[in-house]
Amino acid sequence: MLRCALSLFLLPLFLFAEKKEVTIVMQFSEGFSPQALQEMQAEADRIVRKAGLRLAFRHRHEAEQESYNELIFFKMSGRCEMDAFPALLDERGPLAFTFTTDGQILPFGEVKCDRLRQSIKTAMVGADFAQGNQLLGRAMGRVLAHELYHMIARTKGHGKGGVARESLSARQLIAEQLDLSDHDCAFVRSGSGKKFL
Ligand SMILES: [Zn+2]
């Protein structure tokens, strides 16, 4: 803990001034709602900006033409679109995860849209259903930001509250506001000077 605090203190000040751009390459397997996608991008970017990051999003076919400084790949599995079916009993299993190899955290993650959609339906009431894709997009943005926390801070650990907490409830996924705590932001900043590849 002391070492962590000390290394944060010694970080050059310029790291705090400029935002580091990270490109997120997304691959959808079963389609998506453009509204959900837009909301996901805005929410994830809003959350990590506080930690000194700026996100640029590209679809996989767009990304093949260009080269990037820092690249993170997300598989968006399932159908990333709200539907009108009633909520099923909430299944267990992760809403999103980050790949690791030999204990190392990789810049590859997956967001499970079918699981997310099922989960947030259990917390949606009345008027929420009229903005289902917006809420699904918000939830997608929050779990994506959660995985970015693991990747950028290079940790399998979790924060005590906010987006980086160990598990996010359906209510927290669609609540009006959910951020990274100040402590977790500092952790992300300390890792953002390192490159993956
Ligand atoms: Zn986690």
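Every read-out reported here was derived from the displayed coordinates using simple, explicitly stated rules and does not represent laboratory data. Keep in mind that what you see is a predicted model, and the values were worked out from it rather than measured. Virtual Cβ from ideal backbone geometry, glycine too; neighbours counted across all protein chains shown.
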| remark: The residues Cys185, Cys113, sorted from fewest to most surrounding Cβ atoms within 10 Å, come out as Cys185, Cys113
| query | Which peptide among 156-166, 114-124, 96-106 comes first, and what is the full order, when sorted by highest mean count of other Cβ atoms within 10 Å? | reply | 114-124, 156-166, 96-106
| task | Would you kindly work out the equivalent ellipsoid of the chain from its C-alpha gyration tensor and give its semi-axes, the square roots of five times the eigenvalues, largest first in whole Å? | result | 28, 19, 15
| Relative contact order of the chain: what whole-number percent is it, with Cα pairs under 8 angstrom and at least 6 residues apart? | 25
| Rounded to the nearest 20 debye, dipole of the chain from Cβ charges on Lys, Arg, Asp, Glu | 580
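How much of the DSSP beta bridge set in the chain is antiparallel, as a percent to the nearest 5? Intermediate results must be reported in sequence, preceding the final value.
Working: 5 of 24 bridges.
Roughly 20 percent of the beta bridges in the chain run antiparallel, per DSSP.
Hey, what did segment 14-81 get for relative contact order, percent, Cα under 8 Å, at least 6 apart?
On the way: 93 pairs, mean separation 39.6, N = 68.
In percent, rounded to a whole number, it is 58.
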| request: Would you please state the base-10 log of I(q)/I(0) at q = 0.12, 0.22, 0.28 1/Å for segment 82-156, with intensities from the Debye formula using one equal scatterer on every alpha carbon? | output: -0.39, -0.93, -1.26
